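Notes for the one structure printed next.
The values are calculated or read from the model by the stated rules, or taken from the named source; none is laboratory data. Just so it is clear, the structure is predicted and the values come from calculations on it, not from any experiment. All Cβ positions, even for glycine, are placed from backbone atoms using ideal geometry, and neighbour counts span all protein chains on display. Please note that ligands, DNA and RNA were not included when accessible areas were found on the heavy atoms of the full protein model with its side chains. Shrake-Rupley method; radii C 1.70, N 1.55, O 1.52, S 1.80 Å.
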Amino acid sequence: MIRSRRMEPVARVAAHREQDAAKDLGKQQEVLAGQRAQLDELTQYRIDYAAQFQERAGGGVSATALQDYRQFLDKLDQAIQQQQMVIERQELEVERHRQRWLELRTRCNAMDKVVERFRSEERRAADRREQSETDERSAQNDSRHKRG
């Protein structure tokens with residue numbers, strides 16, 4: 001069997017793995033985008049809640065209401081901080097998947113180059129054989145014409 005044809009299944013497997021890794025990377029990026037959107041929502045909710053409380057507090061509030069407000073803001077701050085940690089972990093996960101995809105893409109490109117090099121070598125060998133056969137036929141024709 002021709003070397004390029006023997007390598008084609010290996011190159012196809014490498015390409016399939018690279019495509020799977022690209023899909024996994026895309027999924028991880030989507031998760032990260034969702035986590036960032038959730039952080040944005042929490043942050044905006046905190047801003048809105050603080051603004052609403054400031055409006056209500058303009059007319060005076062009880063000590064209990066102020067305490068509840070501060071406790072709720074503390075909980076929101078904790079939730080924001082936790083979400084930031086989730087995002088940091090997800091960013092590491094995205095980077096891990098990106099590195100894996102790059103590694104597989106490099107391997108896939110190398111396989112493609114090997115297959116193409118084999119094909120090129122095979123074409124050159126076929127061209128040399130064809131030229132040799134042509135030369136041989138021409139030589140045979142020349143020797144027939146000289147005899148006749």
If a/c stays under 1.5 just call it rounded; otherwise compare a/b with b/c (prolate if a/b is bigger, oblate if not). Do that for region 1-83, with a ≥ b ≥ c from the square roots of the Cα gyration tensor eigenvalues. prolate
Mind telling me which of 117, 56, 96 comes out most flexible in a GNM of the chain, alpha-carbon contacts under 10 Å? 56
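State the percentage of accessible surface on region 27-141 attributable to carbon and sulfur atoms; use a 1.4 Å probe and exclude ligands, DNA and RNA.
Working: 4080 of 8530 Å².
Carbon plus sulfur share of accessible area: 48 percent.
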Positive minus negative residues near residue 102 (Lys, Arg vs Asp, Glu; Cβ under 13 Å): +2
Could you give the nm distance between label points at residue 16 and residue 38, where each point is 7 Å from its Cα heading toward the beta carbon? 3.4
Rg to Rh quotient for region 1-142, alpha carbon positions, Kirkwood Rh: 1.54
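Could you compute Rg(Cα) / (2.2 N^0.38 Å) for region 97-148, with N its residue count?
Values: Rg = 22.4 Å, N = 52, 2.2 N^0.38 = 9.9 Å.
It is 2.27.
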